[in-house]
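Written out below as structure tokens is the structure these notes cover.
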Ligand SMILES: [Zn+2]
């Protein structure tokens, strides 16, 4: 059975355009401030150019933050798709979100299930906030302890 993944890049053309607008606007502000403030030696005369420079830097920073947050959102969406695909086991395109998937895992394992992973120190109750959004296989307390994990100090399984 062929798997149909809808591969979406981290950023789209609109994200690139938004980033470019903010970075260019910020660069223009900084350039104008430099031009405006050059040749004047008094502190008071440089107050305006300084404020314009700070505004430009804020615009550039905002553009970068929005750019990174968009990528983070794309990764989260992709993670949800892959989790849903993994759960469905039939390779079909799934439209579930992480909030649909986690209760299904918790429900199938039972609310008293203990979950953990090889790359974490603690094991948790499946309902623990520290386990929220994770896809960890449930196991018994003995199995977790044999794997070197200790009980979570928050949910105290
Ligand atoms: Zn916990």
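Every read-out reported here was derived from the displayed coordinates using simple, explicitly stated rules and does not represent laboratory data. Quick caveat: nothing in here was measured; it's all calculated off a predicted structure. Cβ: placed from backbone, ideal geometry, glycine included. Neighbour counts: every protein chain shown.
Model label points for residue 58 and residue 156, set 7 angstrom from Cα along the Cα-to-Cβ axis, are 4.7 nm apart. Shape class of the range 13-88 from the Cα gyration tensor (axes a ≥ b ≥ c, square roots of the eigenvalues): prolate, since a/c reaches 1.5 or more and a/b is larger than b/c.
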